[in-house]
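Quick notes on the structure that follows.
Please treat every number below as a calculation from the coordinates, not as lab data. Just so you know, these numbers come straight off a predicted model, no measurement behind them. For neighbour counting, all protein chains shown are included, and Cβ atoms are generated from backbone atoms with ideal geometry for every residue, glycine included.
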Amino acid sequence: MGIDFEGPGSVITAIGVLAVIITAHECGHFFAARARGIHVNAFAVGFGPNLFTYRGPEVEYSLKAIPLGGYVAFPDDDEDCPYPEDDPDLLRNRPTSDRALVVSAGIIANVLFAFGILYNQVTTVGFAEQKFEPGVVVKAFTSSSVARDAGIEAGDIILSVDGEKLAASGKSVGKVVNAVKNSPNDVLKFELMRIGADGAPEVKIVELRPSATPTGDGKVGVKLESNSSVSKHIASNPIEAASLAGNEFARLTALVWKSLSGLFLHFDDNKSQVSGPIAIVATGAEVMRSDVSGLYQFAAVININLAIVNLLPLPALDGGFLLLIAIEAARGGKKIPLEIEQSITGAGVLFLLISGASLILRDTINLIPH
């Protein structure tokens, strides 16, 4: 039985995907610590009341009611820590290299997970490839359309405007739009290709005069789209799959980085774009309703986003802990006073909790029909 992306199944799947991604991140920390013999006392997925708890010899594993978070806990600072303060297997007593490995392992896990998802996509459902043909397609008309009155029909392909050929490119739509905007009340000559009644293509020339908008721009009342088709490309061998997955990973990483850097550089203009877990789930559900490929892309983007955000040198994030470790290493291994480190981390945790609660409240309100 397939996944029902049309109904509530898409929401449930989006929540599941987000939970698995968070689990992968925490598994990175957990397995890195265990591999180095570092004490761990808790591994949790989600937050809120416990749904399931298993107490192992050293670690308590738990699944909580709201699967939109998680953590790996170390006994270092517990009041009832069962180990002596100088135990070499406590995280705080390990060399900076070991601590940096444990802290960065969550980020590494998300990077590897994202690449694995994309590799699986290109070997199963494939990557979408858009092939462009010359011209621009007339998709529809507005209620008042100069173009329709001049004889242009939906489905026509505009091959040139005033003698300027339209190349096989996604930028050709913009060229037509600009030509019309810059020519209010001037005559423009459109070369069109139309499929005739006998199924054969016909080339027609239509002259029209764009009307002027109140702002002085020209308009002809058409909705345009690129003359293109989309197909799925599935890799034929592991080497091609790795190459295509790597290229897609680089493309998505660049998009995520551009989005995040734009948010930080122009926060006032873009703060409404910041999403909490509820909005992320809603977006994921919407994406997955369109195509199963959306499931792969959504999961890969969230992994990359989580990796980049956690790499930021902010308190309570992995990047913040890495910065503190780097400062300690630069001081020749001299530890930062515990009180200062705890104050910095505590402030970061408080900020994240308040921000998270605010985003959840805002996203919930936005989902309520007005």
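A few comments on the model shown:
- Sorted largest first, extent of the stretch 128-232 alpha carbons per principal axis (Å): 44, 31, 27
- Ranked by how many other beta carbons lie within 10 Å on average, peptides 160-172, 64-76 from highest: 64-76, 160-172
- Where labels lie 7 Å past Cα in the beta-carbon direction, separation of THR53 and ILE12 in nm: 2.8 nm
- LYS334 versus TRP257: modelled label distance in nm, points set 7 Å from Cα along the beta carbon direction: 3.5 nm
- For the peptides 315-327, 97-109, the ranking by mean Cβ contacts within 10 Å, running from highest to lowest, is 97-109, 315-327.
- Distance violations [Cα-Cα > 24 Å] among LYS171/LYS223; LYS64/LYS335; LYS175/LYS219; LYS219/LYS258: LYS64/LYS335; LYS219/LYS258
- Segment SER243..ASP89, full-extension length gain: 51.4 nm, with 0.36 nm per residue of separation and the alpha-carbon distance subtracted.
- Taking 0.36 nm per residue of separation and subtracting the Cα-Cα distance, full extension of the segment from ASP162 to PHE132 would add 8.7 nm.
- Pairwise Cα distances in the stretch 43-157 exceed 17 Å in 77 percent of cases.
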